[in-house]
Amino acid sequence: MQPAGPESHPHSRPRPLHWLATATALAAVLAGAALLGPGDATATAPAPAGAPDALAARYPVDCGPARAEVVRQVPADLDGDGRAETVAVVRCPSGAGTRPSGVHVLAHPAAPGAAPRVVATLVDAGQGMSVTGLEAAGGTVSATLLGYSSASVPRCCPDRRRLVKWHWREGKFILAPQPAAGSV
């Protein structure tokens, strides 16, 4: 007795109709994900009343002809003057990979009708890190920074993670790194 080959099981041979059905199903899944998915995190709400609007600010980021996009903005009174500042995570638009982000602190405009002022850069986008988990309260800003151990690590997959906090002290932000994951 000979083992059964593809000739004896016609349903196991792919035909053009099978490929067409597979491609159509895949296209439907991708279209559904694009329409129903969470979308890009750049769709940030305007700042609450009284806090500088991160969408109206100009950032010290060179994105070429594109404008820097605001990923997240968090209001808080960081310097204790009774007026909220805004902490903004900003990045340049790109088609693929994990985009580097910057963290900037915005103060109210110097003159009515002017754009909010960038008064501090806590993370420069040129450092190549991504920023997640941004929080601000009182005089403290905290975030999780994602980065790369070497140039050979694919830009899609950061392999370093660090929690950091900045504290407002004597007129400036002081970085206070948190223990590295897995350390004692």
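Annotations
- Phi to ³J(HN,Hα) by Karplus 6.51 cos²θ - 1.76 cosθ + 1.60 over region 86-94, Hz, x for Gly, Pro: 10, 9, 10, 9, 10, 8, 7, x, 8
- Heavy-atom accessible surface of region 77-184: percent carbon and sulfur, 1.4 Å: 54 percent
- Relative protection proxy for 51-64, 154-167, from highest mean packing down: 51-64, 154-167 (other beta-carbon atoms within 10 angstrom).
- Expressed as a whole percent, the proportion of Cα-Cα pairs in region 61-106 lying more than 13 Å apart is 59%.
The values are calculated or read from the model by the stated rules, or taken from the named source; none is laboratory data. What you are looking at is a predicted structure, and each value in this text was computed from that prediction instead of being measured. Ideal geometry is used to build each Cβ from the backbone, glycine not excepted, and the neighbour counts take in all protein chains shown. We work out accessible area using only protein heavy atoms, side chains counted, and drop any ligands, DNA or RNA first. Shrake-Rupley method; radii C 1.70, N 1.55, O 1.52, S 1.80 Å.
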